[in-house]
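Below: one structure, written as structure tokens.
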Amino acid sequence: MKIPLDRKSRKPIYLQIKEKISRLIKSGALQPEERLPSIRSLAENLQVNKLTILEAYSILQADGIIFSRQGSGYFVNKSNTNLTNSTNMKSTFAPAQNVIISESAGNSFFDIHMSAVQAQVNEKIINFSYGLPRPPQDMALISRRTITNSIDSLFAYDIPHGQAILRRQVAQLLLQQGLEITPENLIITSGCQQALSLTMQYYLQKDDWVIVESPTYHGAISILENIGARIIGIPMNAEGMNLELLEKYLKSHRPKLIYTISTQHNPTGIATSQNHRQQLLELAEKYQCPILEDNAYEGLNFEQVPAPIKALDKQDLVIYAGTFSKTLIPGLRVGYMVVTGKHYQPLVERKLMDDVHTSTISQAIVSEYLSSGHYRRHRKKLQTENLLSRNIMLQAMENYFPQEAKWTVPNGGLFLWVQLPDNIDISEIRQQAIQENVLFASGSAFFPNQQGYPAMRLSFSNTSESEIDLGISILGKVLKKSIYIGCDNYSNQRLLAQINRNF
């Protein structure tokens, strides 16, 4: 293997080696399962210390690009396989740009949450409805060690804004994402949901206008409806929230808050560009409208994403919310919010009145896992596994879905979004799928007052390869029957007959 090295460069030698091998793999020059040169042979070839090669290989392994076999060496990970030739890797998502104005309740967050939780214990169900991470294999060991070593301190009251050591660790993690903050800017919350609720109740009162993306996270819609806020749903396009329409409604309705998911948007999976984030912040500054940036899925991206909007914030207009529920275990219920300036103390006081403090045991377990040094490697493993699952789902959709279906191609997160023809009855589709043991999240729940176009959110994170293929084939059959049944067109009748024969 020839790797030209610039020994006068400021970039360390091990990083030069790592980047060259990464490029060889991504270009296809090194194939999946191909064995890499041994540490010793490559060190001799490049005339460097063996520790330099070991460091380069270790980073590649942590990034999920290569893997090791005991006693056999290092190999190219199969998840780097380029599926571009067989799968449409370009988003076809292009909905009509209709603004939704909602002044009445109508969300079904409770129903969707309950059906998804109940499906977890039904082994017959192929569950595409819930975004759950694959838990770390060593979490049970870490949890037992935490409780054993800290039993005297875990059962007392704690401060409302969270344990100091965990806030320091979270600040360090966010620094790696381009967000320069101190532990004094952090509030540890009972999951990201509490961070959203605290912020929305802080800024909004009954009948206040609030802007959300359309579609958006259905749990946030429920919070807003419980407050009695009036919701303006600004449509999403392939780049994110429609900024032209955003400014129009900022000017006409003077909302009290903008709620946005900038990275791995739920439900569409879209991550906005640096330019989009900058423009959104400039509009917020122009109209002095605070932003709640929900980045629950940041850290699960497959490629580099821009720094959060909060990193650009100079006027304390942005509150940033994150969580460990999507990378570790949802049941721990540990999230966090970044709050700067005058808003910090009032939100800490609200947190105290809301639940006194986040579970000391959960905080200690997360802190111990972060200090163990395994978190970065675990997150890279998740990214690698999720990328493979996403590609398998996209391939299956290309094979089985009708051509009328359009979908996003997310560069991370846990979900992709399928836009369906306007004449589809999505509730009927969902019931037919459930009868065949496939569960997905109905797209209607993600729109204010359920007024959006027919769609479905599919999770690719917690089902096997065979389950993905089978589940998507069943959904494809259901969708095709719904679209083509009753058609007078001869070719569509023949297609429907073929569908029935195949299934």
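The values are calculated or read from the model by the stated rules, or taken from the named source; none is laboratory data. Remember, it's a predicted structure, so these values are computed and weren't measured experimentally. So basically every Cβ, Gly included, is an ideal-geometry build from the backbone, and we count neighbours across all protein chains shown. What goes into the accessible areas is simple: the full protein's heavy atoms, side chains included, and nothing from ligands, DNA or RNA. Shrake-Rupley method; radii C 1.70, N 1.55, O 1.52, S 1.80 Å.
Could you give the semi-axes, largest first, of the ellipsoid that matches the stretch 324-397, computed as the square roots of 5 times the alpha carbon gyration tensor eigenvalues and rounded to whole Å? Don't skip to the end; give the middle numbers.
Working: eigenvalues 209, 56, 29 Å².
Semi-axes, largest first: 32, 17, 12 Å.
Give the ranking of Tyr297, Tyr74, Tyr400 by solvent-accessible surface, highest area first, calculated with a 1.4 Å probe. Write out the running numbers ahead of the final one.
On the way: Tyr297 15, Tyr74 40, Tyr400 65 Å².
Result of the area sort, largest leading: Tyr400, Tyr74, Tyr297.
Since only Ser68, Leu173, Thr146 are under comparison, the one whose Cα sits farthest along the positive direction of the charge dipole of the chain, derived from C-beta charges on Lys, Arg, Asp and Glu, is Ser68. In order along the stretch 244-260, the Karplus-derived 3J(HN,Hα) couplings, from 6.51 cos²θ - 1.76 cosθ + 1.60 at θ = phi - 60°, round to 5, 5, 4, 5, 4, 7, 5, 6, 7, 10, 6, x, 8, 6, 10, 9, 9 Hz, and Gly and Pro are given as x. Put simply, the amide H of Ile270, placed in the peptide plane, has neighbours under 5 Å in His265, leaving out anything fewer than 5 places away on its chain. Please compute the net charge surrounding Arg144, taking Lys and Arg as +1 and Asp and Glu as -1 over other residues with Cβ under 13 Å from its Cβ. Taking every Cβ under 13 Å from that of Arg144, the sum is -1.
In this structure, the amide hydrogen of Leu257, modeled 1.01 Å from its nitrogen in the peptide plane, lies closer than 5 angstrom to those of Ile211, counting only residues at least 5 positions away or on a different chain.
Antiparallel versus total DSSP beta bridges in the stretch 141-292: what percent is that, nearest 5? Roughly 15 percent of the beta bridges in the stretch 141-292 run antiparallel, per DSSP. Counting only aspartates and glutamates at least 8 places from Lys26 when in the same chain, those with an alpha carbon closer than 16 Å to its own are Glu34, Asp63, Glu303.
List the longest stretch of the chain that has no exposed loop site; here a site is one of the trypsin sites (Lys or Arg not before Pro) assigned by DSSP to anything other than H, G, I, E or B, with at most 14 other Cβ within 10 Å.
Values: sites that count: Lys2, Arg7, Lys8, Arg10, Lys90, Lys124, Lys206, Lys314.
By the stated rule (loop sites, at most 14 other Cβ atoms within 10 Å), 315-503.
When the solvent-accessible surface of protein heavy atoms is calculated with a 1.4 angstrom probe, in what order do Ile329, Ile165 fall, highest first?
In descending accessible area the options line up as Ile165, Ile329.
Using a probe radius of 1.4 angstrom, the carbon and sulfur fraction of the accessible surface of the stretch 268-361 is 50%.
Put simply, the amide H of Asn237, placed in the peptide plane, has neighbours under 5 Å in Asn242, leaving out anything fewer than 5 places away on its chain. Taking 0.36 nm per residue of sequence separation and removing the Cα-Cα distance, the Asn45/Ser464 pair yields an extension gain of 146.8 nm. Once all protein chains are placed together, Val339 keeps about 0 Å² accessible to a 1.4 angstrom probe. Converting phi to 3J(HN,Hα) with the Karplus coefficients 6.51, -1.76 and 1.60 and the offset θ = phi - 60°, the stretch 51-62 yields 5, 5, 5, 4, 5, 4, 5, 5, 5, 4, 5, 4 Hz in sequence order, with x at every glycine or proline. Under the convention that each Lys and Arg Cβ holds +1 and each Asp and Glu Cβ holds -1, the size of the dipole of the chain around its Cα centre is about 1620 debye.
Provide the percentage of antiparallel DSSP beta bridges, counting only those with both residues in the stretch 263-387; round to the nearest 5. Intermediate values should be presented prior to the final figure.
Details: 4 of 8 bridges.
Percent antiparallel among DSSP bridges in the stretch 263-387 is about 50.
Dividing the convex hull volume of the alpha carbon atoms of the chain by its residue count gives 172 Å³ per residue. A 1.4 Å probe run over the stretch 195-280, with the rest of the protein chains in place, finds 32 Å² accessible per residue.
Straight Cα distances below 29 angstrom link Lys481 to the lysines Lys90, Lys124, Lys406, with same-chain residues fewer than 8 positions distant left out. The share of accessible area on the stretch 209-260 that comes from carbon and sulfur is 43 percent, using a 1.4 angstrom probe. For the stretch 188-205, the Karplus equation 6.51 cos²θ - 1.76 cosθ + 1.60, evaluated at θ = phi - 60°, returns couplings of 7, 10, 7, x, 5, 4, 5, 4, 5, 5, 4, 5, 5, 6, 6, 8, 10, 10 Hz by residue, with Gly and Pro reported as x.
The GluC sites (Glu not before Pro) of the stretch 219-320 that meet both conditions, a loop assignment by DSSP and at most 13 other Cβ atoms within 10 Å of the site Cβ, are Glu239, Glu303. In the chain, the DSSP beta bridges split such that about 60 percent are antiparallel, to the nearest 5.
For the stretch 227-375, the equivalent ellipsoid derived from the Cα gyration tensor has semi-axes of 28, 20, 14 Å, listed largest first. Note on the chain: helix-only mean residue ellipticity at 222 nm, from DSSP H runs of 4+ residues weighted -39500 (n - 2.57) and normalised by residue number, equals -13500 deg cm²/dmol. With all protein chains kept in place, the per residue accessible area of the stretch 314-449 amounts to 37 square angstrom at a probe of 1.4 angstrom.
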